[in-house]
Each structure stands twice: as structure tokens, then as C-alpha cells.
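Rule-based calculations on the coordinates, nothing more; no lab input. This structure is a prediction, so every number in the text was calculated from the model and none was measured. As a convention, Cβ positions derive from the backbone with ideal geometry for all residues, glycine included, and neighbour counts pool all protein chains shown.
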Amino acid sequence: MGLISGLMGVLFGGGRNVLRETAEVFRENTEAGAGRAAALRAQVQDQYAAEFAVPRRGGFDRFMDGLNRLPRPALALGTLGLFVAAMVDPIWFAERMQGIALVPEPLWWLLGVIVSFYFGARHQAKIQDLERDLAGAMRRAPQVMENIRQLRQLRADSPGIADPRPDGDLARQSLAVDANPALEDWRRLRRA
């Protein structure tokens, strides 16, 4: 008994566990690892909390923060809204796009400056292409006005939009029997 208790005292005595310590050289202690991971997560959360902590601010500051968050979602949702509008009412959409074609060049430049300043990117080549396109759009202004006039005539509530007369005449003409000498010869041969 003395030998076994002495051996156990050497292995596990003095608050030590030689077997556990030896095993931990090859494999992490799961309980200690979980404790370290929990401590790390707590430190990360404390750091984030300190980073995003905002001192007491007034209503104007909160309003400006909210306003600064609007442009990107507004542009994305507005673009999706344009696609929906084009599908729901194409004539209404086409009228608006014809109107956009008449926007003067300085206004497009101003819009380009505001958007590029806000998003922090300057695409000069695209802006120069836009300038050429806008100059061409201004030359097409009379055609745009004519297009709008024609689009408004296509509305469902426009008078005469459902007039089937030309199509009715065409249908009657297509049903009229034309003389076909080859068909008549074939019919005569079949009867004989």
C-alpha cells in the first residue's frame, strides 16, 4: 500500500496532475480553451462597445446621421422603382425619360459632382461621355417633344385608340376570294 500511495502522491500530489499536464502538451484542455474563448469574446464586445459608444448628442446630430444614411438606399430603391414603373406603365415611364433627356448639361454636371463627392469616386471618362451624350440630347429636344406628343396619344383614355376600322377592312379583304386559274383547272380535273 505504501508503494501505491507513494506513486499516487508523486503523480497527483501537491495539487498537481502529471497525467493531465502531460496530455495537455499534445491536446488542449477543452475547458480552459472555452474559458479563453469566452474571455476573448468579452474583450471584443467591450472594444466594439467602446468604439461605437456615442456621447450624448442632440437632435440635429441624430437627424444628420439619419440623413447621411439615406442616399445609397434611396438610389438603389429608386432604380428598382424605375424598373417597376417601366413595367407597370410604360407610357408614363417613357414620358419621364423623354423629360430627363431635356435636363441641361450644367445640371448633370452638378449632379455628377454631388454624387462623386458623396461616394468618393471620380470617373472622369464617364462624365466626358455623358457630356457628349447630353449635347446630343439637347439637339434632339424637338424630336423628344414630338415623341411625348405621340406617347400621349397612345394612352388608353385617348379618343380613337380602340378604333378597329383599318383592321376590319384588312380582315374583309383577306377573306375575299380571288380568281385562281390554277386552282380552277385542278378542280375541273378532279371532277372529270
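What is the dipole size for the stretch 46-127, taken about its Cα centre, with +1 at each Lys and Arg Cβ and -1 at each Asp and Glu Cβ, in debye to the nearest 20?
Details: 8 positive and 7 negative charges, 27 e Å.
That gives the stretch 46-127 a dipole magnitude of about 120 debye.
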What distance in nm separates the simple spin-label points at A39 and D178, each placed 7 Å from Cα in the Cβ direction? 9.7
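What is the packing order of peptides 46-53, 34-41, taking the mean over residues of other C-beta atoms within 10 Å and listing the highest first?
Values: 46-53: 8.5, 34-41: 10.5.
Going by the mean number of other Cβ atoms within 10 Å, highest first, we get 34-41, 46-53.
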Describe numerically, in nm with one decimal, the distance between label points set 7 Å from Cα along Cα→Cβ at R57 and at A141. 4.4
I'd like the Karplus ³J(HN,Hα) series for the stretch 44-49: coefficients 6.51, -1.76, 1.60, θ = phi - 60°, whole numbers in Hz, and an x wherever there's a Gly or Pro. 4, 5, 5, 5, 4, 4
